Amino acid sequence: MSGLYIHIPFCRKACTYCDFHFSTSLKTREAVLAAMQRELEVRAMELAGAPLGTIYFGGGTPSLMEPDAIAGFIDQARRLVRVEESAEVTLEVNPDDVDELRLSAWKAAGITRLSIGIQSFREERLRFMGRAHTAEQSDHALQLIAGAGFASWTLDLIYGLPGMTLEEWDAQIDAALAMGTPHISAYCLTVEEKTTLAHRVKAGDVVMPNDADQAAQFQRLIERMEQAGLVHYEISNFGREGHFSRHNTSYWHGVPYLGIGPSAHSFIGGVRRWNVAHNVRYAKGVEEGATYWQEETLTPAQRTNERLMTGLRTMWGVDLSTLEVDPEKENAPLIAHYLARGDMERRGTRLVLTRQGRAFADRIASDLFVADDR
Ligand code: SF4
């Protein structure tokens, strides 16, 4: 199986914490979409080896585009590559774009799964984050989505907000579960460089919560999701059986994927490639046949470290017997330390993080990294 990621680099408004690639000006829209179609036309052959199991429209805000534009990409992919009958086709949507007409157009286009960026059900939090939608729009959109008959859907929440208490976080989780969502992604607010949030924190205008508060909210999230019957299958992702994201799970399992659009990443045949994160340069590069990307071939050590990083974040852990470089040769004392501390368990040839260890997943993974002699 392989995957296709399509990056729509436009947003209505810049969220204060976001460092993804997007533009709030729609001036380049026609040129960028045309270039993306061209890129897909030229590069689809890279996926010839395996049928396409997932298509994912991310961004940016894909729901800002006309449903016809989304349908155009899906039709084009179906024309160019073999797409599995039961392929998962996900569209990221924002609450202010959801209405009955669009929902039926997305369904008719072939979208099977919606991912809605709720982030918070509280109006003042949405304003703090600079979101374009209101809490009322979230409620309305969720009601429409829950009744729209898509095969699956998911919502995003953000915790670790300044001053957030466990009571507030509980109320957010209650509101999300009340909608009967089969899947939730929850992310801890992080301060990314050059964002409005980073400037406000630097100016002392915003004080971020401490690690202990954020960790307590993460543990509460895990407990609440387990009680509600949602499986914690990846650090930030919880789903009912049959509703795990196939697309993201493929990334974590090293399945090849093609990324189309400005800033999109691809990983095919051990080569990682990333497109320029600039709408005009991207469109010009595609149009002129110039190089608008950079790429690198990963070394065995890099591939091993990537597997450690992504695998340890999932409930399946990482199978040491399948790694190209054995981390036990270099890092046996550290592995023993994390096993003894109860952060990690050994299941056959796999290393899997415990609930306690999941709070430090990235640090544990990087501690187990093997040296790259290149
Ligand atoms: S809508 Fe999404 S991509 Fe756009 S600015 Fe907000 S968080 Fe970033």
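Read-outs: derived from the displayed coordinates by stated rules, not from any lab. Since this is a predicted model, take the numbers as computed values, not measurements. Note: ideal-geometry Cβ built from the backbone for every residue, glycine included; neighbour counts use all protein chains shown.
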Check: C-alpha center region 104-183 vs C-alpha center region 195-246, spacing in Å is 14 Å
Mean Cβ-within-10 Å packing, highest first, puts peptides 168-175, 143-150, 112-119 in the order 112-119, 168-175, 143-150
At the level of C-alpha centres, the distance separating region 278-294 and region 14-35, in angstrom, is 15 Å
With DSSP loop assignment and no more than 16 other C-beta atoms within 10 Å, the GluC sites (Glu not before Pro) in region 292-336 are GLU324
Applying a 4.7 angstrom Cβ cut-off across the chain, unpaired cysteine residues come out as CYS11, CYS188
Placing each pseudo-label 7 Å from Cα in the direction of the beta carbon, GLU288 and ASP139 end up separated by a distance in nanometres of 5.3 nm
Under the Karplus relation with 6.51, -1.76 and 1.60 and θ = phi - 60°, whole-Hz ³J(HN,Hα) for region 179-194, x at Gly and Pro, equal 7, x, 5, x, 7, 9, 10, 10, 10, 7, 4, 10, 8, 8, 4, 6
Out of PHE360, PHE121, PHE22, a Gaussian network model of the chain with alpha-carbon springs under 10 Å gives the largest mean-square fluctuation to PHE360
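Report, in deg cm²/dmol and to the nearest 500, the calculated mean residue ellipticity at 222 nm for the chain, where each DSSP H run with n ≥ 4 adds -39500 (n - 2.57) and the sum is divided by the residue count. Write out the running numbers ahead of the final one.
On the way: 14 runs with 150 residues, N = 374.
The per-residue figure over the chain is -12000 deg cm²/dmol.
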Lys pairs in the chain with Cα under 23 Å (8 or more apart in sequence, or on separate chains) total 5
So the compactness index of the chain, its C-alpha Rg divided by 2.2 N^0.38 Å, takes the value 1.00
Summed over the other residues with a beta carbon less than 12 angstrom from that of SER25, with K and R at +1 and D and E at -1, the charge totals +4
